[in-house]
Amino acid sequence: MNYEFDWSLLLEEPNWSWVIEGIANTIQLSLVAWGCALVLGVLIGAIRMSKSRTLRFIGTTYVEIFRNIPLLVQLFLWFFVFPLLLPDDLMRAWNRLDGVPFLTALIGLSLFTAARIAEQIRSGISSIPKGQFLAAYSTGLTEVQTFRHVIIPYAFRVMIPAIASEFLTIFKNSALTLTIGVAEVTGAAKTIEAYTFRGIEAYSAASLTYMLTTASVVIFMGWLEHALRIPGLIGKR
Amino acid sequence: MTLPLVQINNLSLRYGNFVALDDISIDFMPGTCVVICGPSGSGKSSLLRCVNRLEDFGTGDVIFDGQSLKSAHNISKIRSNIGMVFQHFELYPHLSVMNNITLAPRYVNGINRDEAEAKAHKLLERVGILDQANKYPDELSGGQQQRAAIARALALEPKLMLFDEPTSALDPEMISEVLQVMRDLARNGMTMLVVTHEMGFARDVADEVVFMDKGKVIERNASGNFFDNPQSDRAKEFIDRVLQKI
Ligand SMILES: Nc1ncnc2c1ncn2[C@@H]1O[C@H](COP(=O)(O)OP(=O)(O)OP(=O)(O)O)[C@@H](O)[C@H]1O
Ligand SMILES: [Mg+2]
């Protein structure tokens, strides 16, 4: 192969700004979407364990729909179809917002990941001994209080590895949002390639970003797991 | 005239087609300690779980302290007046012993943290594990865990305590420390329903023994009489079998 690498071009303007913007967008998108997905996923996971048949049905329907439609299709639906379904006024207001692609990506990623997290919450919660519920109810805690103070914190600690890997998934999935025009890392690499024909450098830089972030998340989650471990459940002191 | 604290009227419970409790009517007076015994699968745990409506019973009703559980809208409030202790302790593993005890007083009764901890302090002292307050359940021995669980159940100042085989999961050398705590409770006038195979406890501490088989109450007797002079053949057999084992 006879290719002359020119890494310095990544540091030239405007390429450098694109790289930085890409990294910032990716991290921002992943973190916010992950946070939303976590909250929503916990709610839906709890709903699926509820005594009410209607609530369980709503939860299951949600999970099945959002988990089984490919993310790319969901992003397109949110970006192209969803605004058409809005009343005219709302649609105009929506189109006039800044950063519609980013918001759309946020909605799409959050709802998709929430379904996956809800599923993990459910399996995490099913692994909790029935006696924990009985103990909590027997002291007069309501169903909501039982989940809030006993079941979810317990399940959460058991599920830290799964939730961490969901963050990594969302982080990698965020690359798909370039298809609806979000200037995240992969999008930035694509732009740089288009302007400089330096695809190898651009995509290498993008890959490095993903690798570094993944490594830091793995390290952070290892620390979190240790800090929140339940004695006897996840390693001993 | 004193009224019963617990009144069970024609209670039946099914799991699917299986009849776990078959038309049970019995009541328990305040201040008494009653041991419930019977062969495995006779419905002892199911009966206890009906007394605080952890099971949705089909027919019949349980009247606790004058309130019908079947029609109760504030079941959580009623449950907070009934402490329950389980075979496998069921302490919350992610909370320290202290927080295990203060959780319900804080969120059910709305007591502030300091007050709840001061109370928990006294309870831990009473069950003899004050020095374990800041440990996690898994760092305690079985006997200590069960005593912590008893403290947790007492934290809401219940009028009734339910024990479901509280010593069955314990190593022999830890059984007596738990029984000691229960004996003190009984002596101080707590109303207690205790499912146990500890016949020594039944004879020495309980006022009465209820013998169950196949979802029915077969016999109810003063504890002395139950062992010396059981009324039913099935109870006789059961006593022989249990005492032989010891
Ligand atoms: N959730 C359930 N679903 C189906 N059957 C159940 C359930 N819980 C209990 N049973 C059945 O009901 C019967 C009574 O159970 P229960 O646990 O009340 O008996 P027990 O007297 O406490 O027995 P043990 O001494 O073994 O604890 C048993 O035959 C049991 O198999
Ligand atoms: Mg039982």
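Which members of segment B:203-214 meet the condition of being more than 14 Å from ligand 1 (Cβ to nearest atom) and surrounded by fewer than 23 Cβ atoms within 10 Å (Cβ to Cβ)?
The initial filter retains those residues of segment B:203-214 that are more than 14 Å from ligand 1 (Cβ to nearest atom), namely B:203-209.
Answer for segment B:203-214, where residues must be more than 14 Å from ligand 1 (Cβ to nearest atom) and surrounded by fewer than 23 Cβ atoms within 10 Å (Cβ to Cβ): B:Arg203, B:Asp204, B:Val205, B:Asp207, B:Glu208.
For segment A:97-154, the set of residues classified as in contact (Cβ under 8 Å) with a residue 12 or more places away in the chain and of a type in the set (Asp, Glu) consists of A:Glu119, A:Glu143, listed by residue number.
The single condition from (1) within 9 Å of chain A (Cβ to nearest Cβ); (2) in contact with a helix residue (DSSP H, G or I) (Cβ under 6 Å, 6 or more places away or on another chain) that B:Ala116 fails is (1). Scanning segment B:72-84 turns up at least one residue that is within 14 Å of ligand 1 (Cβ to nearest atom) and within 26 Å of B:Ala148 (Cα to Cα). Scanning segment B:82-94 for residues that are within 8 Å of chain A (Cβ to nearest Cβ) and within 25 Å of B:His121 (Cβ to Cβ) yields a count of 9. The lone criterion from (1) surrounded by 14 or more Cβ atoms within 10 Å (Cβ to Cβ); (2) under 15 Å from the mean Cα position of the chain (by Cα); (3) not basic (Lys, Arg) left unmet by A:Pro101 is number (2).
Would you mention how many residues in segment B:29-66 are away from ligand 2 (no atom under 16 Å from the Cβ), closer than 24 Å to B:Asp207 by Cβ and not aliphatic (A, V, I, L, M)? So the count comes out to 7. For segment B:132-226, the strands (runs of 3 or more DSSP E) that sit wholly inside it and include 3 or more residues that are in contact with a helix residue (DSSP H, G or I) (Cβ under 6 Å, 6 or more places away or on another chain) are B:208-213.
Within the span defined as segment A:119-138, one or more residues are in a loop (DSSP other than H, G, I, E, B), surrounded by fewer than 16 Cβ atoms within 10 Å (Cβ to Cβ) and within 14 Å of another protein chain (Cβ to nearest Cβ). Of the numbered criteria (1) under 18 Å from the mean Cα position of the chain (by Cα); (2) acidic (Asp, Glu); (3) away from chain A (no Cβ under 14 Å), the one B:Glu165 fails is (3).
Could you please find all residues in segment B:38-64 being in a loop (DSSP other than H, G, I, E, B) and either within 14 Å of chain A (Cβ to nearest Cβ) or touching a His at 6+ places or on another chain (Cβ under 8 Å) (or both)? Answer for segment B:38-64, where residues must be in a loop (DSSP other than H, G, I, E, B) and either within 14 Å of chain A (Cβ to nearest Cβ) or touching a His at 6+ places or on another chain (Cβ under 8 Å) (or both): B:Asn52, B:Arg53, B:Leu54, B:Glu55, B:Asp56. Residues that are at pLDDT 85 or above and within 12 Å of chain B (Cβ to nearest Cβ) were ranked within segment A:153-176; the one that is nearest to the chain's Cα centre (by Cα) is A:Pro153. Contact map, segment A:1-15: residues that are within 10 Å of A:Ile200 (Cβ to Cβ) and exposed (fewer than 10 other Cβ atoms within 10 Å of the Cβ) paired with residues that are modelled with pLDDT of 75 or more and among the aliphatic types (A, V, I, L, M), Cβ distance under 7 Å, separation 6+ or inter-chain. Pairs shown: A:Tyr3/A:Ile200.
Could you tell me whether segment B:100-113 includes any residue that is of a type in the set (S, T, N, Q), in a helix (DSSP H, G or I) and either modelled with pLDDT of 95 or more or on the phi > 0 side of the Ramachandran plot (or both)? Please lay out each step first, then the result.
Initially, segment B:100-113 is screened for residues of a type in the set (S, T, N, Q), giving B:100, B:102, B:109, B:112.
Filter again for in a helix (DSSP H, G or I), leaving B:100, B:102.
Then drop every residue that is not either modelled with pLDDT of 95 or more or on the phi > 0 side of the Ramachandran plot (or both), which leaves B:100, B:102.
Yes, because at least one residue in segment B:100-113 is of a type in the set (S, T, N, Q), in a helix (DSSP H, G or I) and either modelled with pLDDT of 95 or more or on the phi > 0 side of the Ramachandran plot (or both).
Only one entry of B:Leu179, B:Leu162, B:Leu193, B:Leu170 meets the criterion of being without any contact (Cβ under 8 Å) to a residue 60 or more places away in the chain and within 16 Å of ligand 1 (Cβ to nearest atom), and that entry is B:Leu170.
Scanning segment B:6-32 for residues that are on the phi > 0 side of the Ramachandran plot and either more than 16 Å from ligand 1 (Cβ to nearest atom) or within 14 Å of chain A (Cβ to nearest Cβ) (or both) returns B:Asn10, B:Gly31. Taken over segment B:49-70, the criterion of being touching an Asp or Glu at 6+ places or on another chain (Cβ under 7 Å) and buried (at least 19 other Cβ atoms within 10 Å of the Cβ) is satisfied by B:Arg49, B:Leu69. Within segment B:190-204, the only residue that satisfies the criterion of being modelled with pLDDT under 95 and over 19 Å from B:Lys44 (Cα atoms) is B:Asp204.
The values are calculated or read from the model by the stated rules, or taken from the named source; none is laboratory data. Computed from a predicted model, the values in this text were never measured in an experiment. Quick reminder, even Gly has a Cβ in these numbers, built from the backbone with ideal geometry, and neighbours come from all protein chains shown.
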